[in-house]
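So the structure is just underneath, and the comments pick up after that.
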Amino acid sequence: MAAIDPATGARTHGTVAAETRQILTNIGELLEAAGSSLAKVVKVNVLIYSMLEYENMNSVYREFFSEPFPARTTVQAGLPPGLLVEIEAVARRPA
């Protein structure tokens, strides 16, 4: 998922932290709409344009997830122009 403002449909631009915050907010809202939550996330894949930005992404990530953290893979990737981060999450099914 890329950083898209659901109210406007526009991409969030700026920093890795801003994009990470928008993406994780969107994922949380999608999971809640499906009867799940971020607390049920078991695996996260993060694609980031530069590992030099890892700490900026990780500080926001820790705002949304707590210990025990979901399993996570973070890789530097060639993202489409203008994207700094993409995140995918897998959550347990709602009860």
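The values are calculated or read from the model by the stated rules, or taken from the named source; none is laboratory data. Everything numeric in this text was worked out from a predicted model, so none of it was measured. Reconstructed Cβ throughout: ideal geometry from the backbone, glycine too, with neighbour counts over all protein chains shown.
Of everything in segment 66-95, what is of a type in the set (Asp, Glu) and either closer than 22 Å to Gly35 by Cβ or in contact with a strand residue (DSSP E or B) (Cβ under 6 Å, 6 or more places away or on another chain) (or both)? Give them in sequence order.
First, pick out the residues of segment 66-95 that are of a type in the set (Asp, Glu): 67, 86, 88.
Hits for segment 66-95 are Glu86, Glu88.
From Gly82, Gly28, which residue is touching a residue at least 24 places away in the same chain (Cβ under 8 Å), under 19 Å from Asp5 (Cα atoms) and in a helix (DSSP H, G or I)? Break it down into steps so the answer makes sense when it comes.
Values: Gly82 fails: in a helix (DSSP H, G or I).
Checking each option against the conditions leaves just Gly28.
Does segment 1-25 hold any residues that are touching a helix residue (DSSP H, G or I) at 6+ places or on another chain (Cβ under 6 Å) and without any contact (Cβ under 8 Å) to a residue 40 or more places away in the chain, and which are they?
Within segment 1-25, the first condition is being touching a helix residue (DSSP H, G or I) at 6+ places or on another chain (Cβ under 6 Å), and the residues that meet it are 1, 3, 12, 16-17, 20-21, 24.
Correct list: Thr12 only.
Which of the residues spanning segment 64-89 are surrounded by fewer than 12 Cβ atoms within 10 Å (Cβ to Cβ) and either acidic (Asp, Glu) or on the phi > 0 side of the Ramachandran plot (or both)?
Result: Glu67, Gly82.
Provide a single number: the residues in segment 28-75 that are among the aliphatic types (A, V, I, L, M) and in contact with a helix residue (DSSP H, G or I) (Cβ under 7 Å, 6 or more places away or on another chain).
Filtering segment 28-75 down to residues among the aliphatic types (A, V, I, L, M) leaves 30-31, 33-34, 38-39, 41-42, 44, 46-48, 51-52, 57, 60, 71, 75.
Of the ones still in play, those that are also in contact with a helix residue (DSSP H, G or I) (Cβ under 7 Å, 6 or more places away or on another chain) are 31, 38, 46, 48, 57, 60.
Counting residues in segment 28-75 that are among the aliphatic types (A, V, I, L, M) and in contact with a helix residue (DSSP H, G or I) (Cβ under 7 Å, 6 or more places away or on another chain) gives 6.
Identify all residues within segment 1-42 that are within 14 Å of Ala91 (Cβ to Cβ), surrounded by fewer than 17 Cβ atoms within 10 Å (Cβ to Cβ), among the aliphatic types (A, V, I, L, M) and at pLDDT 90 or above; write none if there are none.
Leu30, Ala33, Ala34, Ala39, Val42 - these are the residues of segment 1-42 that are within 14 Å of Ala91 (Cβ to Cβ), surrounded by fewer than 17 Cβ atoms within 10 Å (Cβ to Cβ), among the aliphatic types (A, V, I, L, M) and at pLDDT 90 or above.
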